[in-house]
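Contents: one structure, followed by commentary.
Bear in mind these aren't lab numbers, they're just calculated from the coordinates by the rules spelled out. From a predicted model like this one, the values you see are computed outputs, not experimental measurements.
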């Protein structure tokens, strides 16, 4: 990182409106160890089951998600924080419009 810090005063304003039937994303920060992406999911949009080779943190900033982690199914809402181990099968579906922060942590 060349700058001494990165700040976003209001992540909610980046995707103030999420278009119907869409998933949108914006990279907020990326270097050799960390990748931070802001996602907006319209109600009903989903990501099918997949895996990541890295630790991943899901923070729900707005809305409600159905989240499948391995064999477990959870409902996570605004303010939730979830850490996933590498290679954990996971999937999600937006029960409402959702604003989500995804942080990937490489070893």
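Relative contact order for the chain: 32 percent, from Cα pairs under 8 Å spaced at least 6 residues apart, divided by residue count. On full extension, the segment bounded by residue 77 and residue 37 gains 12.6 nm, given 0.36 nm per residue less the C-alpha separation.
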